[in-house]
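Scroll down for the structure; my scribbles are underneath it.
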Amino acid sequence: MKNITKTILLIFIITSIMCLDAQTSFAKRAIIPTRGKVNSFGTYSFAGKLDFDIKNAGEQEIGKIVIEGTYNGEYPWIMRIYTDNTNYTGIAGSVKPQSNQGLISTDGRFSIPLMIDIPTMNAVGYKTIPDISQPEYKTYRPDKLNKAGAYTDCIIMGIDPRNEAWVSGSNGILFDSDDNTIGDMTAQTPITIKFRGRFDERAVATNYTANLYVEIITCP
């Protein structure tokens, strides 16, 4: 009887040790070698042009561009659009400086506002494209929910986790399930961007051009 009891006790001790050892082994961490590289996807490309022949007064669409591709550079960044109409001179002797943004007559004296529809930024209606050489031009700064950034940049898309308005998502409330964590205001391409001009009595009958630029810049 004593031998049987000793045998049972021994089996119990061995079994307990084995279970404890198994649990101890299972609880240990094991590192899984993981490494790789994400290569550049290139950048965005733009197809299309603004080519118009206006015959009637009014606000009219004058063309569109299609954005293709993907950009995966370091963020924060924005894609902005602007004119750089260095050929604009205005009317000599004018009491106040005139605007050099938009379409510029070939003699440099007249301008017509140029507007853009930006579906990626949840904008309502068309927005006027600024000229980067305007004295009051201000580059992008991240928005705050209680105070919009005082900047002139006309933004097509971007990524900025510092921008409260972008991070807060469609409901405009931070720290809820709707948050857009990194402030990703990009969209799957292709994206169609439309342009309009405002043609009224100030749109002098002549030929017009514009030095129109789209660029991606890293934000400070």
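The values are calculated or read from the model by the stated rules, or taken from the named source; none is laboratory data. Source: prediction; values computed, not measured. Cβ placement follows ideal geometry from the backbone for every residue including glycine, while neighbour counts extend to all protein chains displayed.
Quick notes on this one:
- Checking each residue in segment 160-180 for being out of contact with any Ser or Thr (no Cβ under 9 Å at 6 or more places or on another chain), among the aliphatic types (A, V, I, L, M) and either surrounded by fewer than 16 Cβ atoms within 10 Å (Cβ to Cβ) or part of a loop (DSSP other than H, G, I, E, B) (or both) picks out only I173.
- Residue within segment 198-207 that is modelled with pLDDT under 95, in contact with a strand residue (DSSP E or B) (Cβ under 6 Å, 6 or more places away or on another chain) and of a type in the set (S, T, N, Q) present: no
- Residues that are over 24 Å from the mean Cα position of the chain (by Cα) and hydrophobic (A, V, I, L, M, F, W, C) were ranked within segment 24-61; the one that is surrounded by the most Cβ atoms within 10 Å (Cβ to Cβ) is F52.
- Among residues of segment 181-201, those that are surrounded by fewer than 17 Cβ atoms within 10 Å (Cβ to Cβ) and part of a loop (DSSP other than H, G, I, E, B), counted: 8
- Single residue of segment 93-130 satisfying the filter (part of a helix (DSSP H, G or I) and of a type outside the set (A, V, I, L, M, F, W, C)) that is surrounded by the fewest Cβ atoms within 10 Å (Cβ to Cβ): P119
- The residue of segment 62-74 that is surrounded by the most Cβ atoms within 10 Å (Cβ to Cβ), among those that are farther than 20 Å from D131 by Cα, in contact with a Gly (Cβ under 8 Å, 6 or more places away or on another chain) and of a type outside the set (G, A, S), is Y71.
- Among the residues of segment 140-159, those that are surrounded by 12 or more Cβ atoms within 10 Å (Cβ to Cβ) and part of a loop (DSSP other than H, G, I, E, B) comprise Y140, R141, P142, D143, L145, G149, Y151, T152, D153.
- Of all residues in segment 49-92, those satisfying the criterion of being part of a loop (DSSP other than H, G, I, E, B) and among the aromatic types (F, W, Y) are F52, Y71, Y75, Y88.
- Residue match in segment 135-153 (condition: in contact with a Leu (Cβ under 8 Å, 6 or more places away or on another chain) and closer than 20 Å to I216 by Cα): no
- Filter pass, F46 being at pLDDT 90 or above and assigned to a loop (DSSP other than H, G, I, E, B): no
- Sub-9 Å Cβ pairs linking a first residue in segment 202-220 that is in contact (Cβ under 8 Å) with a residue 60 or more places away in the chain and surrounded by 15 or more Cβ atoms within 10 Å (Cβ to Cβ) to a second residue that is of a type in the set (G, A, S) and not in a loop (DSSP other than H, G, I, E, B), at least 6 apart or interchain, are A203/G197; Y208/S105; Y208/S111; Y208/G197; I216/G158; C219/G158, ordered by first then second residue.
- Taking first residues from segment 150-178 that are farther than 26 Å from T128 by Cβ and partners that are surrounded by 15 or more Cβ atoms within 10 Å (Cβ to Cβ) and polar (S, T, N, Q), the Cβ contacts under 7 Å between residues at least 6 apart in sequence or on separate chains come to V167/N180; G169/N180; L174/S168.
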